[in-house]
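Okay, structure first, notes after.
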Amino acid sequence: MLKPFVRFLVATPPFIAQVAQQPSVRVPLAIGLGAIAGALSRFYLNLWIGRVLGITFPYGTFLINLSGCLAMGFFFTTVTERIFPISPDVQLLVAVGFLGSYTTFSTYSLDTVNLARGEQFFKAALYWIASSLGGLLCLYLGIWLAQFGRFHK
């Protein structure tokens, strides 16, 4: 079963390997693969949490956002403090691809912390509040626009 796959890999033309080394191919591929895994993880974990804890509260989203923030904090520190050597492609795969599709809340939290670490406390607070309130307002605006369009045909 594995032999045909190994033969395929060995017989892969050299130009494919050369193309895969180009950043214009490698970067979107890394982000895309991470995004697929992150989105599927979010979907199935949300289903499982809903079955275990119920759906009377958005436990799945809540726990996914918290675990995404934990993962982003751990990964970001690992990368920036060089705890483990991690290639730029893997950094993109994990932080932008996987965590970006698993939860954007982790990126939002990281951006807030980075502003605060840079002693831009007003900007950090403004970003935090504006993102939360702006997100809710935009959600309601989207609901209103959809309903307005439905009723005014």
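Summary table
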read-out: Leading residue by the ranking (surrounded by the most Cβ atoms within 10 Å (Cβ to Cβ)) among those in region 86-121 that are of a type in the set (Ser, Thr, Tyr) and assigned to a helix (DSSP H, G or I); value: TYR102
read-out: Unique residue being modelled with pLDDT under 90 and either over 30 Å from GLN21 (Cα atoms) or under 10 Å from the mean Cα position of the chain (by Cα) (or both) when the list is TYR127, TYR108, TYR44; value: TYR108
read-out: Criterion: touching a Ser or Thr at 6+ places or on another chain (Cβ under 6 Å) and in a helix (DSSP H, G or I) - qualifying residue of ALA124, ALA37; value: ALA124
read-out: Test for ARG150: is it basic (Lys, Arg) and at pLDDT 90 or above; value: no
read-out: Odd one out for ILE31 among (1) touching a Gly at 6+ places or on another chain (Cβ under 7 Å); (2) aliphatic (A, V, I, L, M); (3) loosely packed, with under 13 Cβ neighbours inside 10 Å; value: (3)
read-out: Extreme residue, nearest to the chain's Cα centre (by Cα), among residues of region 130-140 that are surrounded by fewer than 11 Cβ atoms within 10 Å (Cβ to Cβ) and either of a type in the set (Phe, Trp, Tyr) or more than 28 Å from ILE36 (Cα to Cα) (or both); value: LEU133
read-out: Of the criteria (1) under 17 Å from the mean Cα position of the chain (by Cα); (2) over 28 Å from ALA39 (Cα atoms); (3) among the hydrophobic types (A, V, I, L, M, F, W, C), which one PHE148 fails; value: (1)
read-out: Single match in LEU40, LEU33 (criterion: closer than 28 Å to THR112 by Cα and in contact (Cβ under 8 Å) with a residue 60 or more places away in the chain); value: LEU33
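The values are calculated or read from the model by the stated rules, or taken from the named source; none is laboratory data. Only a predicted model underlies this, so the values are computations on that prediction, with no experimental measurement involved. Quick reminder, even Gly has a Cβ in these numbers, built from the backbone with ideal geometry, and neighbours come from all protein chains shown.
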